[in-house]
1. Enumerate the pairs (first residue in the stretch 38-54 and over 13 Å from Ala103 (Cβ atoms); second residue anywhere and acidic (Asp, Glu) and not in a loop (DSSP other than H, G, I, E, B)) with beta-carbon separation below 7 Å, excluding pairs fewer than 6 apart on the same chain, so at least 6 apart or on different chains.
2. Taking only the stretch 240-267 into account, find how many residues are in a helix (DSSP H, G or I), touching a residue at least 40 places away in the same chain (Cβ under 8 Å) and open to solvent by 50 Å² or more (accessible area, probe 1.4 Å).
3. Of the residues Ser396, Ser365, which is more than 18 Å from the chain's Cα centre (by Cα), at pLDDT 90 or above and either buried (at least 18 other Cβ atoms within 10 Å of the Cβ) or farther than 24 Å from Gly71 by Cβ (or both)?
4. Taking the stretch 273-313 as the region of interest, how many residues are out of contact with any Leu (no Cβ under 6 Å at 6 or more places or on another chain), of a type in the set (S, T, N, Q) and surrounded by fewer than 24 Cβ atoms within 10 Å (Cβ to Cβ)?
5. Output yes when any residue across the stretch 31-39 is part of a loop (DSSP other than H, G, I, E, B), within 27 Å of the chain's Cα centre (by Cα) and farther than 22 Å from Phe262 by Cα, and no when none is.
6. Does Leu83 satisfy being within 22 Å of Gly151 (Cα to Cα), assigned to a loop (DSSP other than H, G, I, E, B) and not small (Gly, Ala, Ser)?
7. Is at least one residue of the stretch 118-127 farther than 23 Å from Ile303 by Cβ, free of Cβ contacts under 8 Å to residues at least 24 places away in the same chain and in a loop (DSSP other than H, G, I, E, B)?
Amino acid sequence: MDHQLAVLTDIGDVPEPPAADRLRISGCSVVVHFAHRLTEGSDFPEAFASGGLREIEDDRSYQSKVRPGSGLMYSALFDAGPLPAALARIVGSGHSAGLRQAALTLGGEYVVTALPLLLSVPGPITREAAVIELSSPLTIDTLLRFVSLLGDPEISRILAEQSAGELARAAGLARDTIDRTWLVEGSVAVQVWNLDGTQNRATANLYRGVEESADYAWEISALLSYATDHLLEDGLWLRRSPQSVFGHVRTGMAFFDDHMVFVNADCCLEMAHLPAWLRGRSQFRLSQYGYDSSSIFVWAVGILRRVVCDDLSARYRSILRDLAMRSAIGPAEQSLLTRRRVQHAALIDRCTGFREKLIEGRNRSLDEWTVQERPSGQVLAGLYRDMEKCETVSLSLLRVREEQEKNRRDSLIAVMGIVLAVVQIPDFVNQVADWLDTRRWGLLGASAALIIVPLAVLLRERRRRSR
């Protein structure tokens with residue numbers, strides 16, 4: 001079933017630019033994602049198994065939307081440090097609880113932390129979840145500046161350090177076990193879930209899917225374009241062309257006509273209005289995950305897939321460059337490379353096959369749409385080629401090593417043959433007896449060295465080879 005719906009059928013459907021402060025947002029979730037790579041040989045799921053992190057076991061959890069055997073582990077929220085003051089100032093918040101984050105992994109040494117920032121005016125959710133409390137609803141300009149600031153190098157560095165430090169603490173890992181941490185660019189997800197304060201809009205009214213998305217086409221287009229610096233100041237998003245707005249908002253996705261999801265290369269945006277029908281499940285998910293959107297859940301797993309494929313691709317290119325400088329490798333190193341390749345291939349299979357583990361067709365459709373917006377086929381094809389090249393080159397270097405060792409052994413055997421031929425063993429035994437009688441220790445020592453040293457070298461080579 002196709003869950004994509006036409007919001008704008010042609011450019012003529014794009015409304016006139018609205019007033020800058022028309023859409024008011026009293027509650028939204030902004031989710032950013034950080035990637036963490038543990039030291040080589042680590043296996044992050046062990047942190048779950050050891051009890052350092054816990055999963056959410058509830059019928060309302062997002063795990064209920066995934067078939068068994070997916071390999072996905074999604075932790076409950078845990079600490080992520082304080083909110084940077086600059087972010088609080090942007091939205092005029094005088095009160096915010098500490099940040100919280102969740103950890104996602106499909107195995108191996110890769111983990112992504114999803115850090116939801118809940119912004120809300122005082123209400124039921126502010127009493128149950130860690131929120132950035134708003135004194136008044138947000139305008140699109142303010143929300144754009146807030147989202148953009150999350151990508152500021154200094155802010156992202158602070159959040160990345162806090163995320164990694166608290167992840168290590170919660171999982172019971174040494175801090176240096178996390179080898180690398182970085183902000184995943186183009187990974188922001190936004191759920192607008194409270195439109196109270198918007199002009200001519202009643203709290204009791206559900207979000208009218210396609211119809212209201214068309215009305216708010218300019219605002220939706222602006223949020224989807226948060227990564228475009230040119231639009232962030234002085235309301236310049238209102239000076240875009242209708243063609244640009246049409247390109248971003250012409251198609252959305254929904255299952256019921258009470259929300260709408262939009263995806264592009266940098267953002268997953270869900271428009272909804274939960275106060276009209278705030279049920280226990282929505283309250284639960286906002287407090288337990290920081291958002292009430294299965295689309296953002298699917299988006300987060302897509303971010304994890306992207307992280308694994310991109311980083312492994314870079315790592316295997318680096319391995320190939322290193323192998324190109326080598327003249328030979330040993331069997332232990334070759335065995336390690338093969339074992340790592342098999343483990344990584346299994347991880348890639350879990351990442352690329354995850355879509356088939358999603359129970360609902362709308363979530364599978366969203367994942368397909370995401371891949372279309374951010375093509376990964378070329379990255380995957382290159383990664384598979386580099387993995388095969390690494391295996392081929394390493395085996396060639398191992399054969400060079402084996403040939404070198406064979407030549408070395410043959411040389412040692414030849415030396416021994418020459419020594420034994422020179423000394424002529426029967427005569428040599430008689431000669432040794434004469435040297436002992438006459439106490440000629442120098443000749444005895446030199447002769448012994450000619451036999452013992454080559455034998456010792458040959459024995460050492462044989463032992464090293466057998467390891």
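1. Within 7 Å, the pairs are Thr39/Asp179.
2. First pass over the stretch 240-267, keeping only residues in a helix (DSSP H, G or I): 242-249.
Add one more test, that the residue is touching a residue at least 40 places away in the same chain (Cβ under 8 Å), and what stays is 242-243, 245-246, 249.
Now drop any that are not open to solvent by 50 Å² or more (accessible area, probe 1.4 Å), which leaves 242-243.
The total comes to 2.
3. Working: Ser396 fails: at pLDDT 90 or above.
Answer to the selection: Ser365.
4. 4
5. Pass one, the stretch 31-39, residues part of a loop (DSSP other than H, G, I, E, B): 39.
Still in the running and within 27 Å of the chain's Cα centre (by Cα): 39.
Checking which are farther than 22 Å from Phe262 by Cα leaves us with 39.
Yes, there is a match, as at least one residue in the stretch 31-39 is part of a loop (DSSP other than H, G, I, E, B), within 27 Å of the chain's Cα centre (by Cα) and farther than 22 Å from Phe262 by Cα.
6. On the way: within 22 Å of Gly151 (Cα to Cα): yes; assigned to a loop (DSSP other than H, G, I, E, B): yes; not small (Gly, Ala, Ser): yes.
Spelling it out, Leu83 is indeed within 22 Å of Gly151 (Cα to Cα), assigned to a loop (DSSP other than H, G, I, E, B) and not small (Gly, Ala, Ser).
7. Let us first name the residues in the stretch 118-127 that are farther than 23 Å from Ile303 by Cβ, namely 120-127.
So of that shortlist, the ones also free of Cβ contacts under 8 Å to residues at least 24 places away in the same chain come out as 122, 126-127.
From what is left, the residues that are in a loop (DSSP other than H, G, I, E, B) are 122.
Yes, the conditions are met somewhere in the stretch 118-127.
Yes/no matrix, rows are residues, columns are (1) out of contact with any Gly (no Cβ under 7 Å at 6 or more places or on another chain); (2) open to solvent by less than 40 Å² (accessible area, probe 1.4 Å); (3) outside any loop (DSSP other than H, G, I, E, B):
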| position | (1), (2), (3) |
| --- | --- |
| Arg157 | yes, no, yes |
| Glu161 | yes, no, yes |
| Val192 | yes, yes, yes |
| Gly197 | yes, no, no |
| Ala202 | yes, no, no |
| Ser213 | no, yes, yes |
| Trp218 | yes, yes, yes |
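The values are calculated or read from the model by the stated rules, or taken from the named source; none is laboratory data. Treat the numbers as computed from the prediction; the structure is a model and nothing was measured. Backbone-built Cβ (ideal geometry, glycine too); neighbour counts: all protein chains shown. Quick note on the areas: whole protein, heavy atoms, side chains included, nothing else; ligands and nucleic acids left out. Shrake-Rupley method; radii C 1.70, N 1.55, O 1.52, S 1.80 Å.
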